[in-house]
Amino acid sequence: CPQPSTRYTCGDESDSELSDEWNNASDDEDATVPMPSFPKLEQDVNQHIQQLGGYVFPKLNWSSPQDAAWISHNGTLQCSNFQEITLLLKSSDRITHDLTKPFEGCQDHMQEFNDYELILRKWQGISGGMEYRCFIRDGDIIAISQRDISNYYPFMVTTMKDCCNDIVTFFHQHIKGKFTETNYVMDICRRRKGIVMLVDFNPFSTSTDTSLFEWPEFINNRQLAGPKSHRIECQIDGQESSQIVVFRCIEGSYGIVPNPYQRSKVPLDIAESNSNINAVHLVDYMKRASTIHT
């Protein structure tokens, strides 16, 4: 399992302490640190990859290393061997969070959890324009959002009614009443009209990204409205009743949202360069440096 890395920020140590560390580092250059090795696990993983067609999508119990996709050879989570999987897992803050603080924000969580599982799914190339995030509250689907909010897909605007009808039909036929929870988030893939596939389930909590919605809209039972919301009446397949869902998608290039994982591509000190915390550390560091040299 990857261990949390130690990160230094301005003001953590004095110049003399840092200098001593650099001077002493050369003494350890000749020391050979054995690389961790898991031959049985590596063999099993590679064997299962071949059984799944040669390419897989890796994740742990809850999260996938989406924030580390930039480090892979093709910018996706497609893996063909054990080394590519471990590279993604070790580079992901999402995975580190699952390993160190998996129940953060939960009121009835277990004190210890060690039943981690590496889940491998057969790789399927899915266009971002096919994915939707659905929000289920009290056992009913209430909202649907475009999943890839960093791109504009014109067809989503013209096909939103058909899209919502397909998703609601799929939900009532395959999910409703069969999933143990009543409040949850569901990701689906709509490859074409009438063809819908379940991708994953997520908790109905602030730890889950809401795409084009905001959590206060769901938590405070506010009515989902606004200029970008479309109330779509969907006919429930096999029933005379209908259901209203709120649909949101990006309706022009002006509505594109920056990729939330762009932050993971740069060093921590650069990512936090605009934060007040980083500015405070910088001022403190400059004051200490001035004191040392005077």
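The values are calculated or read from the model by the stated rules, or taken from the named source; none is laboratory data. Here the structure is a predicted model, which is why all the values come from computation and not from measurement. Don't worry about glycine lacking a Cβ; one is built from the backbone with ideal geometry, like all the others, and counts go over all protein chains shown. The area values use the complete protein model at the heavy-atom level, side chains included, leaving out ligands, DNA and RNA. Shrake-Rupley method; radii C 1.70, N 1.55, O 1.52, S 1.80 Å.
Every condition in (1) surrounded by 12 or more Cβ atoms within 10 Å (Cβ to Cβ); (2) modelled with pLDDT of 75 or more; (3) out of contact with any strand residue (DSSP E or B) (no Cβ under 6 Å at 6 or more places or on another chain); (4) farther than 19 Å from Met156 by Cα holds for Ser241 except the one numbered (1). Counting only residues that are open to solvent by less than 60 Å² (accessible area, probe 1.4 Å) and more than 17 Å from Phe247 (Cα to Cα), segment 166-182 holds 2 of them. Filtered by the rule that a residue be modelled with pLDDT under 90 and over 17 Å from Cys163 (Cα atoms), segment 118-145 gives Gln124, Gly125. Restricting Ser273, Ser207, Ser211 to residues that are surrounded by 13 or more Cβ atoms within 10 Å (Cβ to Cβ), part of a loop (DSSP other than H, G, I, E, B) and at pLDDT below 85 narrows the list to Ser207.
Please work out if Ile142 is touching a residue at least 40 places away in the same chain (Cβ under 8 Å) and either within 15 Å of Val246 (Cβ to Cβ) or acidic (Asp, Glu) (or both).
Details: touching a residue at least 40 places away in the same chain (Cβ under 8 Å): yes; either within 15 Å of Val246 (Cβ to Cβ) or acidic (Asp, Glu) (or both): yes.
When the stated conditions are applied, Ile142 passes them.
Looking at the structure I just gave you, is Asp148 modelled with pLDDT under 95 and either part of a helix (DSSP H, G or I) or touching a strand residue (DSSP E or B) at 6+ places or on another chain (Cβ under 8 Å) (or both)? Yes; evaluated as a whole, the condition is true for this residue.
Tell me, please, whether a residue that is open to solvent by less than 80 Å² (accessible area, probe 1.4 Å), in contact (Cβ under 8 Å) with a residue 40 or more places away in the chain, more than 23 Å from Arg121 (Cβ to Cβ) and touching a helix residue (DSSP H, G or I) at 6+ places or on another chain (Cβ under 6 Å) can be found in segment 249-256. Quick ask: steps written out before the conclusion?
Keep residues of segment 249-256 that are open to solvent by less than 80 Å² (accessible area, probe 1.4 Å), which gives 249-252, 255-256.
Filter once more, keeping what is in contact (Cβ under 8 Å) with a residue 40 or more places away in the chain: 249-252, 255-256.
The next check asks that each one be more than 23 Å from Arg121 (Cβ to Cβ); those that pass are 249-252, 255-256.
Subsequent filtering for residues that are touching a helix residue (DSSP H, G or I) at 6+ places or on another chain (Cβ under 6 Å) retains 249, 251.
Scanning segment 249-256, I find at least one residue that is open to solvent by less than 80 Å² (accessible area, probe 1.4 Å), in contact (Cβ under 8 Å) with a residue 40 or more places away in the chain, more than 23 Å from Arg121 (Cβ to Cβ) and touching a helix residue (DSSP H, G or I) at 6+ places or on another chain (Cβ under 6 Å), so the answer is yes.
Has segment 216-236 got any residue that is among the hydrophobic types (A, V, I, L, M, F, W, C), in contact with a helix residue (DSSP H, G or I) (Cβ under 8 Å, 6 or more places away or on another chain) and outside any loop (DSSP other than H, G, I, E, B)? Give the derivation first.
Of the residues in segment 216-236, the ones among the hydrophobic types (A, V, I, L, M, F, W, C) are 218-219, 224-225, 232, 234, 236.
Those left that are additionally in contact with a helix residue (DSSP H, G or I) (Cβ under 8 Å, 6 or more places away or on another chain): 224, 232, 234, 236.
Restricting the remaining residues to those that are outside any loop (DSSP other than H, G, I, E, B) gives 232, 234.
Yes, that holds for at least one residue.
Scoring Ile188 on the criteria (1) surrounded by fewer than 18 Cβ atoms within 10 Å (Cβ to Cβ); (2) assigned to a strand (DSSP E or B) leaves a single failure, condition (1). Taken together, the residues in segment 132-165 that are among the hydrophobic types (A, V, I, L, M, F, W, C) and either farther than 21 Å from Leu212 by Cα or open to solvent by 60 Å² or more (accessible area, probe 1.4 Å) (or both) amount to 1.
Take segment 199-213 and flag every residue that is under 15 Å from Ile141 (Cβ atoms) and in contact with a Lys or Arg (Cβ under 6 Å, 6 or more places away or on another chain). Ser211 - this is the single residue of segment 199-213 that is under 15 Å from Ile141 (Cβ atoms) and in contact with a Lys or Arg (Cβ under 6 Å, 6 or more places away or on another chain).
Name the single residue that is most open to solvent (accessible area, probe 1.4 Å) among those in segment 47-102 being on the phi > 0 side of the Ramachandran plot and in contact (Cβ under 8 Å) with a residue 12 or more places away in the chain. The extreme case among them is Gly53.
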